[in-house]
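Comments concern the structure below.
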Amino acid sequence: MITASSGARAMPTFTPVYLGGAAALATAAVAGSPRVDRDDVFVPGIEALAEGEIRVTILGSGQPWLTKAAATGSVLVEIGNAQREVMVFDLGSGSLANFSGLQVPATALKKVFFTHLHTDHISDYLTLTGSCVKAGRLDPVEVWGGSSNKPSRGIAAFVEHIQAALAWDFVGIAGNILASGAGATATEVPYGRTEVICDRNGVTITSFPVIHVLNGAIGFRVDFAGQSAVSSGETTPTMPFVEVAQGCDLLIHETVLPPKAFAEVMGLPIELAQCIVNDGHTPAAAGIVFDMVRPAMAAMWHCHVTEGDIDPVFAAVAGTYSRVVALCQDLTVFNVTPGAVGVHQATVDPMQQAILGPSDTGRKIGPRVPTPEWWKASAIDWQSKISCAERALAAYAPHAAGSRHGERRPHTRRARETRPPPRVRHDRVERRRDGHRNRPRNRRPVPCACRVRTRHHG
């Protein structure tokens, strides 16, 4: 069971999931005094979302180059209110596969918040509005993201262009699948100031500007029932982030390996690694931000979790921060509850199919799109061929039922009379009871009648 801790404690080993580990990578499993004991491993469907809880799950923890062990950037937030609201912050490649494994209803995911529009943070948005519709999602998606000093780079243009790019998919499913779940509405968030952008059902979402590549990158804070969680998105240490995060329970900050380790892992020249890392995303830099905020639990996210680099990451952050800190993997779960924040690792069914819940949109499928004329001449009439095969099988079924492979025939007199006579071998030598043999009159064996063939002489 997860037990309480008032500060950081050294864990004996850090073993990531892809190397067989089962526990979360953290200096302590809990910060504070939890009211509920939780198992060390999170099993979907077993641990219920508590009233007043914010449950945060890392759907994608990896770098832009997708790996089997780590999907790219995405954070799931579940709210313990009456509506049991579900929202995601970014949707990188592979994140929705992890979402399915958590057994959260696909129909519940209606809110998407983008920190920025790098591909590794938006790729599975196409899956949500496209493929998940085929799984039964009915309600349109609400999307929030940064505006820009150039309208073509803002979230509204992004949503519009994605809808246009998926036109072939959306038009094609009309008449077969209810396509309402493919719809989306965009709300642009000011990129230059802090602002409350959504306040519903007791949940308040606040955005704040961060420094990352271009205007338009933002971070988010979630407040509910006295608990709070803050996610930086991608950023170098910034004061707006520190100011908004004050008093939060869970603080998630982007972290990248130091330049030398980053260069070795990626096989890059040290100069290029320094350019990417920019000396501002390192564990030591994240530790400085953690110390300025001092949350109940801090978490490093978007960092390599590779063998040989985990211990150095914890050692580096310990140089600037001494309280409880975690290193995120895919499916690391944080329970933010009154008085405590716990962390454990989820284990999921890799073949879990989509789960559906109630929807606000009713089912009403429109007319099908007319098929092209050339299809009629080119299509194979497989249905008639299947029907012929089924009729033949149905005709054979009564005979097969009486075969030696099927049901045995009843031993009735009629059945015995209709059986063919047994084959007689005239050349068979039989033994009498007294042990002597009865030899046939002719020495040469006489073939049975069924083997006699008539010779034709010309």
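Points to keep in mind about this one:
- Pairing residues of the stretch 172-201 that are farther than 22 Å from residue 214 by Cα and assigned by TED's automatic domain parsing to the domain that holds residue 112 with residues that are assigned to a helix (DSSP H, G or I) and modelled with pLDDT of 95 or more, at Cβ distances under 7 Å and at least 6 apart in sequence or on separate chains, gives 184/159.
- Filter result for residue 120 (assigned to a helix (DSSP H, G or I), among the acidic types (Asp, Glu), in the same structural domain as residue 62 (by TED's automatic domain parsing) and within 16 Å of residue 89 (Cβ to Cβ)): yes
- Residue 250 meets all of the listed conditions (1) under 17 Å from residue 113 (Cα atoms); (2) touching a residue at least 60 places away in the same chain (Cβ under 8 Å) but one, namely (1).
- Looking only at the stretch 337-384, and only at residues there that are polar (S, T, N, Q) and under 14 Å from residue 44 (Cα atoms), the one that is surrounded by the fewest Cβ atoms within 10 Å (Cβ to Cβ): 353
- Qualifying residue in the stretch 204-224 (condition: crowded, with 17+ Cβ neighbours inside 10 Å and free of Cβ contacts under 8 Å to residues at least 24 places away in the same chain): yes
- Count - residues of the stretch 310-346 that are assigned to a strand (DSSP E or B) and either hydrophobic (A, V, I, L, M, F, W, C) or within 21 Å of residue 101 (Cβ to Cβ) (or both): 15
- Only a single item in (1) closer than 23 Å to residue 27 by Cβ; (2) free of Cβ contacts under 8 Å to residues at least 60 places away in the same chain; (3) not β-branched (Val, Ile, Thr) is not met by residue 271, and it is number (1).
- Elements of type strands (runs of 3 or more DSSP E) in the stretch 35-103, at least 3 residues being within 13 Å of residue 301 (Cβ to Cβ) and out of contact with any helix residue (DSSP H, G or I) (no Cβ under 6 Å at 6 or more places or on another chain): 54-60
- Exclusive hit being closer than 27 Å to residue 59 by Cβ, in contact with a helix residue (DSSP H, G or I) (Cβ under 9 Å, 6 or more places away or on another chain) and crowded, with 18+ Cβ neighbours inside 10 Å, set 314, 334: 314
- Filtered residues of the stretch 187-203 (kept if surrounded by fewer than 16 Cβ atoms within 10 Å (Cβ to Cβ) and either among the small types (Gly, Ala, Ser) or not in a strand (DSSP E or B) (or both)): 190, 192, 193, 201, 202
- Qualifying positions in the stretch 131-154 - buried (at least 19 other Cβ atoms within 10 Å of the Cβ), outside any loop (DSSP other than H, G, I, E, B) and either at pLDDT 95 or above or of a type outside the set (Val, Ile, Thr) (or both): 132, 141, 143, 144, 145, 146
- For the stretch 358-391, a residue qualifies if it is acidic (Asp, Glu), assigned to a helix (DSSP H, G or I) and either under 21 Å from residue 174 (Cα atoms) or at pLDDT 85 or above (or both), but none of them does.
- So residue 229, is it surrounded by 21 or more Cβ atoms within 10 Å (Cβ to Cβ), at pLDDT 95 or above, under 29 Å from residue 339 (Cα atoms) and in contact with a helix residue (DSSP H, G or I) (Cβ under 6 Å, 6 or more places away or on another chain): no
- Residues in the stretch 144-166 that are under 17 Å from residue 124 (Cβ atoms) and among the aliphatic types (A, V, I, L, M): 155, 159, 162, 165, 166.
- Taking each residue of the stretch 358-379 that is closer than 24 Å to residue 135 by Cα and looking for partners that are of a type in the set (Asp, Glu) with beta-carbon atoms closer than 8 Å, six or more apart or interchain, yields 359/139; 360/139; 361/139.
The values are calculated or read from the model by the stated rules, or taken from the named source; none is laboratory data. This structure is a prediction, so every number in the text was calculated from the model and none was measured. Glycine also receives a Cβ, built like all others from the backbone with ideal geometry; neighbour counts cover every protein chain displayed.
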